[in-house]
Amino acid sequence: MTRAIFFILVLSISISGCKSPEARRPISQKSGSFIKISAERNKKLNAIESEQIQNIIKKDTSKTYFASESGFWYYYNTKIEKDTITPSFGDIVNFDYDVKDINGNAIYSDDDIHPRDYAMDQEEIFTGLREGLKLMKPGETVTFLFPSQKAYGYYGDKNKIGTNTPVICEVTVNSIIQNQND
């Protein structure tokens, strides 16, 4: 009889031990409130910067401004009418540019930055400038008005450009060397 009880006891322990483990529940559950608050803050910031840029455009009636599909505005200082190339992936673009704050105060002059070569979409450069260069032909000069999210964003450049700073850049494309790997 003790053998039967021992057998039943071992059998019941092994059956109850085969139960699958339950997932642990988190100690605290967080909602998406941080993301919602951040999104609302960014929407307000974007609205304020867009209003600043629209005020500049309204006051400057001597130029024709264009709104890009990417969320910045620009006008041509020098426009090349003839049909020439615009840069595409891998092309080397040589250009000069300067950076001003939204009030037109110089942050970096073209002497500070020097002409630079940029391999299109293969090197780091701020989003607005990368997208703006794609609109330009050799010999053109364009002035871009970038909201902060298209410029240096939340972090700035960690030097002269602070956090969430909209900027104005005057850019001249000197040359475009087409990528020969196509």
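Here are some notes:
- Checked against the criterion of being at pLDDT below 95, within 30 Å of residue 45 (Cα to Cα), charged (D, E, K, R) and open to solvent by 60 Å² or more (accessible area, probe 1.4 Å), the stretch 145-161 contains one or more residues that satisfy it.
- Selection status of residue 86, touching a Leu at 6+ places or on another chain (Cβ under 8 Å), at negative phi and modelled with pLDDT under 95: yes
- Looking across the stretch 106-144, the residues that are of a type in the set (Asp, Glu), over 20 Å from the mean Cα position of the chain (by Cα) and either open to solvent by 20 Å² or more (accessible area, probe 1.4 Å) or farther than 25 Å from residue 64 by Cβ (or both) come down to 110, 111, 112, 117.
- Residues of the stretch 146-159 classified as in contact (Cβ under 8 Å) with a residue 60 or more places away in the chain and either over 20 Å from residue 56 (Cα atoms) or part of a loop (DSSP other than H, G, I, E, B) (or both), total: 1
- Residue count for the stretch 62-103 under the criterion of being assigned to a loop (DSSP other than H, G, I, E, B) and either open to solvent by less than 60 Å² (accessible area, probe 1.4 Å) or of a type outside the set (Asp, Glu) (or both): the result is 21.
- Pair list, Cβ under 7 Å, 6 or more apart: the stretch 53-79 residue touching a residue at least 24 places away in the same chain (Cβ under 8 Å), other residue surrounded by fewer than 14 Cβ atoms within 10 Å (Cβ to Cβ): 73/66; 73/67; 74/66; 75/63; 75/64; 75/66
- Selection of the stretch 162-182 for residues being closer than 22 Å to residue 74 by Cβ and open to solvent by 40 Å² or more (accessible area, probe 1.4 Å) yields 164, 170, 174, 175.
- All conditions in (1) closer than 18 Å to residue 50 by Cβ; (2) modelled with pLDDT of 95 or more; (3) not charged (D, E, K, R) hold for residue 76, with the sole exception of (1).
- Total residues in the stretch 40-51 satisfying the condition of being open to solvent by 70 Å² or more (accessible area, probe 1.4 Å) and either within 20 Å of residue 131 (Cβ to Cβ) or assigned to a loop (DSSP other than H, G, I, E, B) (or both): the figure is 1.
- Within the stretch 163-182, considering residues that are touching a strand residue (DSSP E or B) at 6+ places or on another chain (Cβ under 9 Å) and not in a strand (DSSP E or B), the one nearest to residue 97 (Cα to Cα): 166
The values are calculated or read from the model by the stated rules, or taken from the named source; none is laboratory data. All values reported here derive from a predicted model rather than from experimental measurement. Please note: Cβ atoms are built from the backbone with ideal geometry, for glycine as well, and neighbour counts cover all protein chains shown. SASA here: full protein model, heavy atoms, side chains in, ligands and nucleic acids out. Shrake-Rupley method; radii C 1.70, N 1.55, O 1.52, S 1.80 Å.
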